[in-house]
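Colleague: Take this structure first; my questions come after.
The values are calculated or read from the model by the stated rules, or taken from the named source; none is laboratory data. Just so it is clear, the structure is predicted and the values come from calculations on it, not from any experiment. For neighbour counting, all protein chains shown are included, and Cβ atoms are generated from backbone atoms with ideal geometry for every residue, glycine included.
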Amino acid sequence: MSFLTPTFLALAALAVPIIILYMLRLRRREVPISSILLWQRLMQDREANAPWQKLRRNLLLLLQLLILAALVIALARPFIPIPSVAAGSVALLIDASASMNATDMPGGATRFEAAISQARALIGDLASDEVMTIITVGTSPNVISPPSGDQVVLREALRRAEPTQASADWEAALALAGASIAGRENASVVILSDGGLPDNLPALTVPIRYIQIGREASNLAISALATRPQEDEPQLFAAVTNYADQDADVILSLEIDGELLTAERVNVPAGKTANRTFTALPASTRVIRAWLSAPVEGGISDYLPVDDVAYAVYTPPASGRVLIVTEGNRFLQQVFSSFPALNAFRTAPGELPQEPFDLMVLDGWLPEKLPDTHLLIIAPPASTDLFAVGDAFTGVRFARQVDDPILAFVDFKSVAIREAALVRTGGWAKPLVEAVDGPLLLAGASNGRRIAILTFDLHASDLPLRIDFPILIANLLQWYSPTQPFDAADSLRPGQPVVIRAQAATSGYRITSPDGSEQTFSVGESPLSFSATTQLGIYRVELLSGSQVETEASFAVNLFSPDESRIAPVDAIVVGETEIGGKADRDEYGLRELWPWLAAAALAVLIIEWWVYHRGSTLPWRAEEKPGVASNQQ
C-alpha cells in the first residue's frame, strides 16, 4: 500500500496531547463507604500535590486514538494498484442503439442497464488524477459527461443516460471520442456494446478496448410492413424474420384503425423470413398496426421487444383530370397517359372547355385570362398579369439547381437547351433551375393555385428524351395535388428526416409524435425538414391556416433493421484494420484509494466512543481489597 499525500501522516503527532490530557485528568473510582469525614483532608492534599496521574487503561482513550489514526491515514490517501481495463484519460462509449434494449441479462435486465453497471465499475477504478468522458452512441452521439475526474459527476451522468430505438452512428461517435481525448497523455477508448459495428470504421491513434455486453441471440421481428392499392381495396404485405437458431411459431396480429382485424399463427424457420399478404382490407383503411406475440406452445424466447411492433399508413392513389392544350406535343401526351390514376384530355389552342380540370398544361399558348386551376405553362409566348416574358436567350448554360422535392432525382446539369425565354414573376414563384442568363423552371402559388413555368420549348431541348422528364412530371403532379403534405417513404427509419411541404394557405405546421407530444413550427422560405423521428410509431402532421387545420396526414417510423434485430453478441469488432476482442484484458493498472473506507471506519468508531462515554469510560478490572478494609483509589 502506498500514499498519495504521505505528509499528512505527521498529524499522528496529535496523539501525544490526547495522551497528556488523559494523564493530567483526575480519575476516581466510586466505592461505597460508610462515611466521608475521614477522607476529605486526604482528597484535598492529593488534588493539590499530584496533578500527574498514572496512565491507566481507558476505553475512551483507545477509541479516540483509533479515530485519530483512521483520519490521519485517510488524509494521507492510501491506495493499492488494481488491474483496470483502461487508465489515464478514458473516452467511454456506451452503445445506446435499439439492440441494447434486449432483455437477456440476469434478472431480465436490459443490455443497456448491464452496460451502465459496467460503466459504474470503470468509474470506480479511476484514480484521482484520471479523467473520463462518457458518450452514449445512438442516432447521433451524445456527450453526457465531458472530461471529468469527479466520480460523483460521472455517476450522475450515467443516471441520465437512456437507450434509443434506432441504429448507432459509430463513425461519428469514434470521431467525437478521439477529439475529447486529443492531446491527453495515456489516452484510450473503451466501448461497451453488443457488437455489430460497421467494418469500415476509421482507425484511431489511441488504444481501443471492447467489452462485450449480451448473452442470447433468440429474437423474432417484423421486418417489413407495407401497403399498396389493388383495384378499390388496399393490400398489405408483412414479413416476420426469425433470428434464432431454431424454428419458431409466433402469432401475427393486425389492427386496422384501432380495431382488431385478424390474428394468425405463423411458422418461421430458423434464420429465415416468413411472408404474408393480406387482401380484402376495408376501403377506409388508414393506419395499420401489426404485432407479434408468443403462442401458448411452440414459441421461443424473444429478447428484443422493440421490433415486435410495426406500423403502416395507407394513402389511396391520387386521381384527377388533366387538360393538355398543345398543337401536338407527343412527349406531353405520352408522359401524362403513362399515369393510370390520371384522366388526361388533349385539345388544340383556342377556346377552353367549360368542364372543370384539376390541372391544365399550356404548351406554347396562353388564353387571354389564365384559368382558375393549377397550371403547368411551357414556353410562355406572352406576358400575363402574373409574369412578364422578355427576350429569348440562346447558348443556355446551366448555373444552379435548388434542393426541392420537385427536382428529386432530376438532374438539369446535363440537359441541352437551345434557347429559353426570360421570365420574371415578381416574387410569387421561385426559380428552381437557373441558367446563367435566366431561370429555366419556376414554381409557386398564387390565389390558391399552383403554377409551374418551363421557360423553354420541349422541342428545343433533349429533356423529353431523358429519364429525368417523366420523373419531373411525376414530382410536379405530386406537388400540384399532394396526397400527403410531406415527402416520405412508406416507412421511415428512426432518425430519418421527413420534408414537410407548405400549401398555398399554410401558416404553420403541427407534428404530433407517437407519445402524444406536439411540436409547432412556422412556415419558412424553404420546406421544413423534420428529423425528430426517434420514436417508433405513427406521427401526425397537420398544416395550419391560422388556428384551423388545413390538411392532415400521418407517416410511420419502424425499426426494420437487420443489424439491430440480429442481437447475437459479437465476439470481436474491427476498427480500422485492427480486430478487438470482446473480453478486454485488464493489463492496465489503476489506483484504488482507501480513504472512503477509513473515513467510514472513523465515523463508526466515533459513534462507539459516544456510546461508551455515556456508559462508562474505564476498562473493567478487579480491585484487590483486603478483608475489612475499604478502598478509595484514584
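Yes/no matrix, rows are residues, columns are (1) within 23 Å of residue 370 (Cα to Cα); (2) of a type in the set (Lys, Arg):
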| position | (1), (2) |
| --- | --- |
| 419 | no, no |
| 425 | yes, no |
| 431 | yes, no |
| 437 | no, no |
| 440 | yes, no |
| 446 | yes, no |
| 450 | yes, yes |
| 471 | no, no |
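Colleague: Would you mind telling me which numbered condition in (1) over 17 Å from residue 562 (Cβ atoms); (2) assigned by TED's automatic domain parsing to the domain that holds residue 306; (3) touching a strand residue (DSSP E or B) at 6+ places or on another chain (Cβ under 7 Å) residue 226 fails?
Modeller: (1)
Colleague: Please work out which one of (1) more than 17 Å from residue 471 (Cβ to Cβ); (2) in contact with a helix residue (DSSP H, G or I) (Cβ under 9 Å, 6 or more places away or on another chain); (3) of a type in the set (A, V, I, L, M, F, W, C); (4) part of a loop (DSSP other than H, G, I, E, B) is the condition residue 420 fails and give its number.
Modeller: Unmet for residue 420, out of (1) more than 17 Å from residue 471 (Cβ to Cβ); (2) in contact with a helix residue (DSSP H, G or I) (Cβ under 9 Å, 6 or more places away or on another chain); (3) of a type in the set (A, V, I, L, M, F, W, C); (4) part of a loop (DSSP other than H, G, I, E, B): (4).
Colleague: If only one of 215, 184 is touching a Ser or Thr at 6+ places or on another chain (Cβ under 7 Å), farther than 19 Å from residue 273 by Cβ and modelled with pLDDT under 95, which one is it?
Modeller: Of the residues listed, the single one that is touching a Ser or Thr at 6+ places or on another chain (Cβ under 7 Å), farther than 19 Å from residue 273 by Cβ and modelled with pLDDT under 95 is 184.
Colleague: Between 432, 472, 441, 492, which is crowded, with 16+ Cβ neighbours inside 10 Å, closer than 24 Å to residue 326 by Cβ and touching a residue at least 40 places away in the same chain (Cβ under 8 Å)?
Modeller: After applying the criteria, what remains is 472.
Colleague: Another question, then. Is the stretch 240-258 home to any residue that is of a type in the set (Phe, Trp, Tyr) and assigned to a strand (DSSP E or B)?
Modeller: No: zero hits.
Colleague: Sticking with this structure for a sec: Taking into account only those residues within the stretch 602-621 that are over 57 Å from the mean Cα position of the chain (by Cα) and exposed (fewer than 12 other Cβ atoms within 10 Å of the Cβ), which is modelled with the lowest pLDDT?
Modeller: 621
Colleague: Considering 194, 169, which residue is modelled with pLDDT of 90 or more, acidic (Asp, Glu) and surrounded by fewer than 20 Cβ atoms within 10 Å (Cβ to Cβ)?
Modeller: Just a single option satisfies the conditions, and that option is 169.
Colleague: Give the stretch 137-176 a look and list any residue that's farther than 14 Å from residue 124 by Cβ and among the charged types (D, E, K, R), or say none.
Modeller: 156, 159, 160, 162, 169, 171
Colleague: Would it be correct to say that residue 362 is modelled with pLDDT of 95 or more and not hydroxyl-bearing (Ser, Thr, Tyr)?
Modeller: Taking the combined requirement at face value, the residue satisfies it.
Colleague: For residue 215, indicate whether it is part of a loop (DSSP other than H, G, I, E, B) and either among the basic types (Lys, Arg) or over 20 Å from the mean Cα position of the chain (by Cα) (or both).
Modeller: Here the answer is yes, as residue 215 does meet what is asked.
Colleague: Let me spell it out: the conditions are (1) out of contact with any helix residue (DSSP H, G or I) (no Cβ under 7 Å at 6 or more places or on another chain); (2) at pLDDT 90 or above; (3) surrounded by fewer than 20 Cβ atoms within 10 Å (Cβ to Cβ); (4) not β-branched (Val, Ile, Thr), and residue 482 meets all of them except one. Which number is the exception?
Modeller: The failed condition is (2).
Colleague: May I pose another question? Among the residues of the stretch 117-130, what is the count of those that are surrounded by 20 or more Cβ atoms within 10 Å (Cβ to Cβ) and not acidic (Asp, Glu)?
Modeller: 4
Colleague: Further, regarding this structure: Tell me, yes or no, whether the stretch 389-405 has at least one residue that is hydroxyl-bearing (Ser, Thr, Tyr) and surrounded by 16 or more Cβ atoms within 10 Å (Cβ to Cβ).
Modeller: no
Colleague: Take the stretch 293-335 and flag every residue that is at pLDDT 90 or above, more than 43 Å from the chain's Cα centre (by Cα) and either more than 25 Å from residue 468 (Cβ to Cβ) or part of a strand (DSSP E or B) (or both).
Modeller: Those that are at pLDDT 90 or above, more than 43 Å from the chain's Cα centre (by Cα) and either more than 25 Å from residue 468 (Cβ to Cβ) or part of a strand (DSSP E or B) (or both): 322, 323, 324, 325.
Colleague: If I ask for residues that are under 49 Å from the mean Cα position of the chain (by Cα) and under 21 Å from residue 394 (Cβ atoms), which ones from the stretch 361-378 would you list?
Modeller: Selection gives 377, 378.
Colleague: Of all the residues that make up the stretch 346-359, how many are part of a loop (DSSP other than H, G, I, E, B) and either among the β-branched types (Val, Ile, Thr) or modelled with pLDDT of 95 or more (or both)?
Modeller: Selection size over the stretch 346-359: 0.
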